[in-house]
1. Six or more apart or on different chains, Cβ atoms under 9 Å: show the pairs whose first residue is in the stretch 220-238 and under 18 Å from Ala169 (Cα atoms) and whose second is surrounded by 10 or more Cβ atoms within 10 Å (Cβ to Cβ).
2. Restricting attention to the stretch 63-81, does a residue exist that is loosely packed, with under 15 Cβ neighbours inside 10 Å and hydroxyl-bearing (Ser, Thr, Tyr)?
3. Would you say Leu376 is surrounded by 18 or more Cβ atoms within 10 Å (Cβ to Cβ) and either modelled with pLDDT under 85 or not assigned by TED's automatic domain parsing to the domain that holds Ser288 (or both)?
4. What is the one condition in (1) crowded, with 16+ Cβ neighbours inside 10 Å; (2) in contact (Cβ under 8 Å) with a residue 40 or more places away in the chain; (3) within 22 Å of Ile372 (Cα to Cα); (4) of a type in the set (Gly, Ala, Ser) that Ser288 does not satisfy?
5. Can you confirm whether the stretch 1-22 contains a residue that is within 17 Å of Lys75 (Cβ to Cβ) and in a helix (DSSP H, G or I)?
6. What do you reckon, is Leu337 crowded, with 17+ Cβ neighbours inside 10 Å, at pLDDT below 90 and either assigned by TED's automatic domain parsing to the domain that holds Asp364 or not aliphatic (A, V, I, L, M) (or both)?
7. Would you check which residues across the stretch 138-168 are surrounded by 15 or more Cβ atoms within 10 Å (Cβ to Cβ), farther than 14 Å from Arg113 by Cα and basic (Lys, Arg) and list them?
8. Which residue out of Ala280, Ala250, Ala238, Ala262 is in contact with a helix residue (DSSP H, G or I) (Cβ under 6 Å, 6 or more places away or on another chain) and in a helix (DSSP H, G or I)?
Amino acid sequence: MKSEKNTQNLLKISELAKASGVSVSTVKYYVRENLIPIAKKTKHNMAYYHPDCIARVRLIKSLQKNRYYPLAVIKRLLEQGEPDQAEIELYDAIHKAERTTVYHPLTLSAVIRHSGLTREQINQLQSMAVITPIEINGRRMFRDSDLRIMQLVKRRLAAGLPFDQTLHAFTAYEKALNEAVQNDIHSVIEDVLVPECPPTDAIVHMIRVSDETLDEFVSLRRYELNRLHGSRHIEDVAEFSVRLKQFLSAVQSALSDSKLSALCENTLSGEQPKDSGLAAEALGAYASIIHLSEMGLAESIALCSRAYSFFVSLDASSAPDKEQALLLALRLGWLTLAPSVLKGSPHVKQAAADLKQLTDKGKDGASFFALIEQALKGVDNEH
């Protein structure tokens, strides 16, 4: 009788759950995380809760589900007593709650359906921290921002950008932004909040203005830097055309075979080789790069791609020795002089070894190899 009297105005866990609009398991979870205090425990498996916990459970659920506050942050907020509106606004500003309150967490199956990505692709995005799902009651759940990033990935895939390239690009931006954001927050705390001790409403205003201005700054600078570096790559390809022409001129002077020398000379003058065979094909690739200025950018990219594939996979072993030496020299020159974006450098060492092995067979060959090396150094020194 005495025990019942002591619990008369208290709630059982089932009553607390029903009044709060959550499940019993959710209340148990909050209790385990020390978010909900037990008012009285009468038995090993029987506990009672104060009616004030109804509002507390509802607040926790709202902060977790609608605002995505981590439980550690919710616990810190509740330890200060009943949070006032100014404190909630400060936490909202920090956690950008105004951007997410209208959305509800999504399951894995839901984001697969809405984004069109596979489970494996989503797991890869998560492993690289491009998306950051949250855990609610032991389940992996995705925020609206995660889904929107997945949809961006899908748009890139539809445009022909490979998933690996998108992962590389998004990860690079994620890494840079993560470092920048950490530095920014540290600077605000160290240089503004600690020395000045502004009131809560002033801190909220600072954070919101900081977010708005930095978002615009990042967007403006990304486009400007994209233009700058994109232009630089175009300039690199244009310079490659000039360097390749200088190198071919040196190769033509080093050749002892009059027919091959004439082919090179015709290429330099703007003629596409009319002969068939590997030498004509290799010189045709050179001609296409040397005369890039006469073509549009998209066509230039396509020509560089085809030339890259040709020289990387070139097998000159079936050609006569003199033609073979020309082919290997052209291959070495193309891969050595190509700008980094064309990824020729990983193959340069092998190309040089193949040419040296062939030309080591005789005195004339050794002289030819030396002239090719000299020509490459000469072009590099000029640029």
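The values are calculated or read from the model by the stated rules, or taken from the named source; none is laboratory data. What you see is a predicted model; the values in this text were computed from it and never measured. Note: ideal-geometry Cβ built from the backbone for every residue, glycine included; neighbour counts use all protein chains shown.
1. Filtered contacts from the stretch 220-238: Arg222/Tyr173; His233/Pro339; His233/Val341.
2. Taking every residue of the stretch 63-81 in turn, none turns out to be loosely packed, with under 15 Cβ neighbours inside 10 Å and hydroxyl-bearing (Ser, Thr, Tyr).
3. On the way: surrounded by 18 or more Cβ atoms within 10 Å (Cβ to Cβ): yes; either modelled with pLDDT under 85 or not assigned by TED's automatic domain parsing to the domain that holds Ser288 (or both): no.
So Leu376 does not fit the description; no.
4. Ser288 satisfies all of (1) crowded, with 16+ Cβ neighbours inside 10 Å; (2) in contact (Cβ under 8 Å) with a residue 40 or more places away in the chain; (3) within 22 Å of Ile372 (Cα to Cα); (4) of a type in the set (Gly, Ala, Ser) except (2).
5. Checked the stretch 1-22: no residue is within 17 Å of Lys75 (Cβ to Cβ) and in a helix (DSSP H, G or I).
6. On the way: crowded, with 17+ Cβ neighbours inside 10 Å: yes; at pLDDT below 90: no; either assigned by TED's automatic domain parsing to the domain that holds Asp364 or not aliphatic (A, V, I, L, M) (or both): yes.
So Leu337 fails the test.
7. Arg143, Arg156
8. Details: Ala280 fails: in contact with a helix residue (DSSP H, G or I) (Cβ under 6 Å, 6 or more places away or on another chain); Ala238 fails: in contact with a helix residue (DSSP H, G or I) (Cβ under 6 Å, 6 or more places away or on another chain); Ala262 fails: in contact with a helix residue (DSSP H, G or I) (Cβ under 6 Å, 6 or more places away or on another chain).
Within the list Ala280, Ala250, Ala238, Ala262, the selection yields Ala250.
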